[in-house]
Amino acid sequence: MREMQTTYNPKEFEDRIYGEWVSRGYFTAKVDPAKVPFTVMMPPPNITGQLHMGHAMDETMQDTIVRFKRMQGYSVLWLPGTDHASIATEVKIVDQMKKEGLSKEQLGREEFLRRAWAWKEKYGGRIVEQLKKLGSSCDWSRLAFTMDERCSNAVREAFFRLYEKGLVYRGSRIINWCPGCKTALSDAEVEYSEDAGFFWYIRYPVEGEEEFLIVATTRPETMFGDTAVAVNPSDKRFSRYVGKTLRLPLTDRTIPVVADGYVDPEFGTGAVKITPAHDPNDFEVGLRHNLPVVRVMNDDGTMNELAGEYAGLDRYEARKRAVAALEAQGLLVKVEPHKHNVGHCYRCRSTVEPIVSKQWFVKMAPLAKPAIEAVMKNKTKFVPDRFAKIYYNWLENIRDWCISRQLWWGHRIPVWYCDDCGETICAKDTPTVCPKCGSARLTQDEDVLDTWFSSALWPFSTLGWPDCTEDFSYFYPTDALVTGYDIIPFWVMRMMFSGLEYTGKVPFRDVLIHGLVRDEQGRKMSKSLGNGIDPLEVIDRYGADSLRLSLLTGVAPGNDTRYTDAKVEAARNFINKLWNAARFVVMNAKDVSVPDLGTVRLQPADRWIISRLQTCIRETTLSMQKYDLGIAADKLVDFVRNDFCDWYIELSKPALYGDDGEKKRGALGVLLFVLDSALRLLHPFIPFVTEEIYSCLPGREGSIMVAEYPRYNARLAYKKEAKAFEGVIELIKTVRAMKVAVNCPPAKKVRLFLVTEGRRLVNANKSAVLRLAGASEIEFVSDGSEAGEKTVSQVCGLCHVFIPLGELVNLEEEKKRLEKELDRVMGEIARAGGKLSNVNFIAKAPKKLVEDERAKLEKYIDMKAKIEKQISEL
RNA sequence: GGGGGCGUAGCUCAGUUGGUUAGAGCGUUUGCUUGACAUGCAAGAGGUCACAGAUUCGAGUUCUGUCGUCCCCACCA
């Protein structure tokens, strides 16, 4: 047992305690058939950098849930890991190399990968350290990485199975190309923003005639790839041109005019240039009309030889020059400013080019269907459930998933091509000869897989799938996934269809969705704005518990929240209060230990706080089970601060400082019992400080981490007694307010005259009332006049209070106060009276409610009479 | 174009299935070195729950519409 310090100083124990937890193996999950498993897979942070506030909230939520379940007796696995983050990491490494004047090509694939692994060691390790600082109780013995052997094995298996089923294919499609990263991207990886651009109106001369068709375009440089101009079939203005041929300006090519319903006659000029190689819609039009696909751009965003004299120029330079040339030839009609949405690479922000390219795709339709059904049938539930709609929306409109990336850092596609016969071979293990022609000259596909392909397998690849390991059969499917709404399309959705496809089961039962942590002004935290706040720096200032608590209170599931120092400070202040309350208890309870309440003689105040505790246990447990962490935290803070600190500790003091040994032991026992329970209830939220205090409790051994979560005990609910005791509290509050109202100094003790039927209750708590209300004595009288001529009085539930204050009373103020009180009571009478005179209310509302309302009305009528009498006596 | 969130006290936000007098933190006013805590204690002030309808005995809570605001998706070249 340690002596407690006078102030809460988290730095003194957080690291030490974390080390103890780890060394005792409390985080290590055990396959225990006698227990029910509870599994959470940590969304693996990218190894690109360090944890930010969003991670802090995400991890805190998971840790809180997981600690709660562990204390409830589940066999908990919270599996941590990191993500190789293929494109994001590669961008960073390339940037780093650029500073050294190096390029990927100069370095070569092998050397580049060596650097990448070194990067992983450095930053992956840093993230682990940050997770520890937060108090994350994850199982480090099972730490995973998306590119470790296990996960890589799962990736090859998954790809192989899709290939065998024909669900993965290679083909030339229009994809999103990032000229910065020089790789293909999936639809989800493109972010659109409205950029200012121009609309160029260009004349396309009709072959053999003096006429033109005018087309409007935002991207004139792509005209070298035009293979048609399209008009709406019902557009009479252009019907006579359909089938004719146009001369494509700046080239010596001609292109046909086609009719296609895709064209909106109202927009632009009603005639659209069709560039199948550089626009997804045009690509579709091209397919319908059998148009050639002419790609005029290189992978780096420069024009290729098909752009004639513009070959080699950057796309924007080519645009400028092409427009100038058109103008010089009199083919440019006009230029209009035009705002339009432009796609950007989510990693390097380059403007994405839609380009036709040969890539690997996953066929989505057959995979999306079961994934939708699983949520429809409630096999997986979103919390809050509105996010299911977003999920449906994505899956219902999904296109095939482009999974190949022209990058080096990632899982290399498990496909080989035979140099001799051209055979494509997909295999789990590197093949040595071509199964078709026997040649040993095989070349592996150069590309790697989309980083989300491996993330999609995370809930089971980390457990050893495809092998039927002990872990996999015990811990899978997982129970809860905790993540932000922003990655539902990237990750949640893909885990869902992957889990269903490969394991036949949903990967998780509940998906708890949270929002973003924004800055003080409500802006997204971002590097470019420089408004990010480092959680570690906050932990350094306030401690991890304060940060954790501040991130969970006042937050509704799925809603964004703002980070403010003020919130953390408020949390810190609360924890300091808990600390000092504990110090008070421990100081007084040197030789006592947490009792079995059956052996303690309980006073009314004791029963009251025990009753309040039961309510608190019941409600917080319920909230926790519903993932309403914010509500649970609020309830706990409220209980500790208001019920325990403000009331019970103060109420216990007379007994503690009195001569009655039994009462003293009773109060100490209850203090310890309630404190002990409160600590266990709070532990999932603020693990460090609760552990530290727990270790100071007399007679408590072992860790609070493995202590049992408090359970509601109906025998300790003491409903009636607790309710009666509320009357005592109200009495004390009433006296305090009366003293303030008449400017009586708090230190000055007053004599209380009470007209009451609750004499026994008041007497049983006499010392507490005297102490907390600041009174010198209590006299029970049958009428206020016995209190003397000049009195101030107030009615509360338990009694009518009279205080003789003589010259201290300011008659005018007292009258005002009473009148105000009368107003309030009249209002209540009107409200309750109105309700009760409503026949429908009497007939249809629950009986209990009607009775309550009647009782209330009676009470208020009684109060009204008393106040009126009081006013007239003044 | 489609979908969704938000609008509650000066500020930031909670508000579980409709049911006492709508809450918290911060701020604010007044008074307090009250034998755990000034990172504190006590007492207060402060709200037509955006607006208009509807359902209901009863609506901050359910439904419809309006306004304001933010976000996601689609991408008319």
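Values quoted throughout were computed directly from the atomic coordinates according to the rules given, and no laboratory measurement underlies them. This structure is a prediction, so every number in the text was calculated from the model and none was measured. Using ideal geometry, Cβ is built from the backbone for each residue, glycine included, and neighbour counts are taken over all protein chains shown.
Among A:Phe238, A:Phe460, sorting on how many other beta-carbon atoms sit within 10 Å of each Cβ, with the fewest leading, yields A:Phe238, A:Phe460. Per-peptide packing, taken as the mean over residues of other Cβ atoms within 10 Å, places A:432-440, A:466-474 in the sequence A:466-474, A:432-440 from highest down.
Roughly how far apart, in whole Å, are the Cα centres of region A:644-703 and region A:406-425? Centre-to-centre distance over Cα atoms comes out at 66 Å. Here the spin labels are modelled as points 7 Å beyond Cα on the Cα-Cβ line, and at A:Val850 and A:Glu726 they lie 2.3 nm apart.
Working ranking of peptides A:604-611, A:662-669 by packing, defined as the average number of other Cβ atoms within 10 Å per residue, highest first, is A:604-611, A:662-669.
Computed packing ranks the peptides A:675-686, A:140-151 as A:675-686, A:140-151, most packed first, by mean other Cβ atoms within 10 Å.
If R0 is 35 Å, the Cβ-Cβ spacing of A:Cys696 and A:Thr430 corresponds to a FRET efficiency of close to 0.05. Region A:3-30 and region A:561-630 have Cα centres spaced 20 Å apart. The angle between the Cα long axis of helix A:811-836 and the main principal axis of chain A comes to about 60°, on a 0 to 90 degree scale. Taking a straight Cα-Cα cut-off under 17 Å and skipping sequence neighbours fewer than 8 places away in the same chain, the lysines within cross-link reach of A:Lys236 are A:Lys244. Full extension of the chain between A:Glu650 and A:Trp117 yields a length gain of 185.9 nm, computed as 0.36 nm times the residue separation minus the alpha carbon distance. Subtracting the Cα-Cα distance of A:Arg562 and A:Leu516 from their residue separation scaled by 0.36 nm leaves 15.7 nm. Each 10 Å bin, from zero up to the one with the longest distance, holds this percent of the alpha carbon pairs of region A:698-842: 10, 30, 26, 18, 11, 6, 0. Give the Debye-formula value of log10 I(q)/I(0) at each listed q (0.09 Å⁻¹), with one equal scatterer per alpha carbon of region A:354-506, two decimals each. Log10 I(q)/I(0), no solvent term: -0.37. Counting only DSSP H runs of at least 4 residues, each contributing -39500 (n - 2.57), and dividing by the residue count of chain A, the helix-based mean residue ellipticity at 222 nm comes to -13500 deg cm²/dmol.
Only lysines eight or more places from A:Lys320 in sequence, or on another chain, were considered; those with a Cα closer than 17 Å are A:Lys334. For A:Ala775, the residues whose modelled amide H falls within less than 5 Å of its own, excluding neighbours fewer than 5 places apart on the same chain, are A:Val750. Backbone amide hydrogens, once placed in the peptide plane, bring A:Phe382 within less than 5 Å of A:Val511, excluding anything fewer than 5 places away on its chain. What percent does the relative contact order of region A:452-611 come to when contacts are Cα pairs within less than 8 Å and at least six residues apart? Taking the mean separation of contacting Cα pairs over the length of region A:452-611, I get 18 percent.
Full extension from A:Met97 to A:Lys815: what is 0.36 nm times the residue separation minus their Cα-Cα distance, to one decimal in nm? Walk me through the numbers before you get to the answer.
Details: separation 718, 0.36 × 718 = 258.48 nm, distance 8.14 nm.
Separation in residues times 0.36 nm, less the Cα-Cα distance, equals 250.3 nm.
Neighbouring Cβ atoms within 10 Å as the yardstick, rank A:Thr462, A:Thr503, A:Thr564, A:Thr483 fewest first. It would help to have the intermediate numbers written out before the result.
Numbers: A:Thr462 29, A:Thr503 18, A:Thr564 13, A:Thr483 21.
So the residues, fewest neighbours to most, are A:Thr564, A:Thr503, A:Thr483, A:Thr462.
Here region A:419-453 is scanned for amide nitrogen atoms under 16 Å from the site 7 Å beyond the Cα of A:Glu149 along Cα-to-Cβ, giving A:429-430. In this rough spin-label picture, where each label sits 7 Å from Cα along the Cβ direction, the A:Ala325-A:Ile390 distance is 4.6 nm.
Model label points for A:Glu305 and A:Lys165, set 7 angstrom from Cα along the Cα-to-Cβ axis, are 4.4 nm apart. Axis angle, to the nearest 10 degrees, between helix A:14-23 and the longest C-alpha principal axis of chain A: 70 degrees.
Between the Cα long axis of helix A:387-396 and the first principal axis of chain A there is an angle of about 10°, rounded to the nearest 10.
Across region A:435-445, coupling constants 3J(HN,Hα) worked out from phi with the 6.51/-1.76/1.60 Karplus curve, θ = phi - 60°, read x, 8, 10, x, 5, 9, 8, 10, 10, 6, 3 Hz, and Gly and Pro carry x. In order along region A:686-692, the phi-based Karplus estimate (6.51 cos²θ - 1.76 cosθ + 1.60, θ = phi - 60°) of 3J(HN,Hα) comes to 10, x, 5, 5, 5, 5, 4 Hz; Gly and Pro are listed as x. Along region A:541-556 the Karplus relation, 6.51 cos²θ - 1.76 cosθ + 1.60 evaluated at θ = phi - 60°, assigns HN-Hα couplings of 7, 10, x, 5, 4, 5, 4, 4, 4, 5, 7, 10, 8, x, 10, 9 Hz to successive residues, with x for each Gly and Pro. In straight-distance terms, cross-link reach from A:Lys766 covers every one of the lysines whose alpha-carbon lies under 23 Å from its own, apart from those fewer than eight places away in the same chain; here that gives A:Lys653, A:Lys663, A:Lys664, A:Lys719, A:Lys720, A:Lys723, A:Lys733, A:Lys739, A:Lys748, A:Lys749. Database remark: amide H of A:Met364 closer than 5 angstrom to the amide H of A:Asp400, A:Trp401 (H placed geometrically; neighbours at sequence offset of 5 or more, or on other chains; Pro and chain starts carry no H).
Across the alpha-carbon atoms of chain A, the computed radius of gyration and Dmax are 36.9, 119 angstrom. Going from the fewest other Cβ atoms within 10 Å to the most, the residues A:Ile539, A:Ile425, A:Ile47 appear in the order A:Ile425, A:Ile539, A:Ile47.
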